[in-house]
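Any read-out appearing in this document is the output of simple, stated calculations on the displayed coordinates, not a laboratory observation. These numbers were taken from a predicted model, which means no experiment stands behind them. Counting neighbours? That spans all protein chains shown, and the Cβs are built from the backbone with ideal geometry, glycine included.
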Amino acid sequence: MITKEHILDWLRSSSDVLEENRLYLTKLDTAIGDADHGNNMHRGFSKVKTQLDDHADKDIGAILKAVAMTLISTVGGASGPLYGTFFLQAGTKVAGKEELDGAAFAAMFRAGVDGVKMRGKAEPGDKTMVDVLEPVAEAIEKDIKDGKSIGATLLHAVEVADEGVKATIPLIAKKGRASYLGERSKDHQDPGATSSKLIIECLSEVMS
Ligand SMILES: Nc1ncnc2c1ncn2[C@@H]1O[C@H](COP(=O)(O)OP(=O)(O)OP(=O)(O)O)[C@@H](O)[C@H]1O
Ligand SMILES: [Mg+2]
């Protein structure tokens, strides 16, 4: 089961890991964007971290929705509304729940990813965070359906996320600022795909 404490630990470690990777993410965004992705993510998640104590009485759905509001109001750029939508739709899917079994978790993650896809209109292959989020959602759904534990499912999800990040390198960007570069966006790793991978890794570590 994923408990509320796991979710709070996930958000805390995501904030720490995004802080550690702030310069790295910004470097990736310097090559094919406007050099702000690391700062954007750090700003949003450090604010989330300061609010974790306020979430003690909330259920998982309400926590994720509060995170969404914080990200939407602090991150800015393209990624703020997109990550905000992820947490909003994920939170809506698990409204009222104090813990999640595998099926509830898979449905939650899928709802978040579908929200990102609907909001940003990106599909896999467009060189965005969707290149990580969509294959990870598919892997989680399949593994849970096949009876894998949440821990094993997440270990596999990290491998899939890694592959998704690497697969963005040769792609030509079709969405967001990087798409203005056309062919010149090739041979660069997508920053948003990378931050998505880091956040998924944090959940796997919390659940292992
Ligand atoms: N339409 C989209 N759908 C999904 N992800 C997207 C989309 N557009 C951009 N992204 C993701 O957002 C990341 C860039 O996030 P960042 O925080 O740098 O915002 P930004 O593009 O600089 O925003 P702005 O253009 O408003 O300054 C990209 O690496 C990509 O993964
Ligand atoms: Mg940017």
> Under a point spin-label approximation (7 Å from Cα along Cα-to-Cβ), what is the MET69-ASP16 distance to one decimal in nm?
Replying inline: 2.7
> Which value in nm describes the separation of the simple spin-label points at GLU99 and SER208, placed 7 Å from the Cα toward the beta carbon?
Replying inline: 2.3
> So how many Å³ per residue does the convex hull of the Cα atoms of the range 2-207 work out to?
Replying inline: 91
>> For a quick check of your reading of the filter: which trypsin sites (Lys or Arg not before Pro) in the range 129-204 sit in a DSSP loop and have no more than 14 other Cβ atoms within 10 Å?
In response: LYS186
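Full-extension gain between GLN51 and LYS174, please, as 0.36 nm times their residue separation minus the C-alpha to C-alpha distance.
Roughly 40.8 nm would be gained on extension.
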> Which entries of LYS142/LYS186; LYS4/LYS49; LYS65/LYS148; LYS49/LYS174 show an alpha-carbon separation above 21 angstrom in the structure shown?
Replying inline: LYS142/LYS186; LYS65/LYS148; LYS49/LYS174
> Distance in nm between label sites at THR3 and LYS166, each 7 Å beyond Cα in the beta-carbon direction?
Replying inline: 3.6
>> Using only DSSP helix segments of four residues or longer, with each worth -39500 (n - 2.57), what per-residue ellipticity at 222 nm results for the chain after dividing by its residue count and rounding to 500?
In response: -23000 deg cm²/dmol
> Can you give me the relative contact order of the range 2-207 as a percent, contacts being Cα pairs under 8 Å and 6 or more apart?
Replying inline: 22
>> Taking θ = phi - 60°, what integer Hz values does the Karplus form 6.51 cos²θ - 1.76 cosθ + 1.60 yield along the range 68-82, in sequence order, with x for Gly and Pro?
In response: 4, 4, 5, 5, 4, 7, 10, 6, x, x, 7, 6, x, x, 6
> Rounded if a/c is under 1.5, else prolate if a/b beats b/c, else oblate: with a ≥ b ≥ c from the C-alpha gyration tensor eigenvalues square-rooted, which is the range 52-134?
Replying inline: oblate
> Quick one: net charge of LEU52's neighbours, Cβ under 13 Å, K/R +1, D/E -1?
Replying inline: -1
> Residue-wise, which Karplus ³J(HN,Hα) couplings in Hz belong to the range 179-186, taking 6.51 cos²θ - 1.76 cosθ + 1.60, θ = phi - 60°, and x for glycine or proline?
Replying inline: 5, 5, 7, x, 3, 6, 7, 5
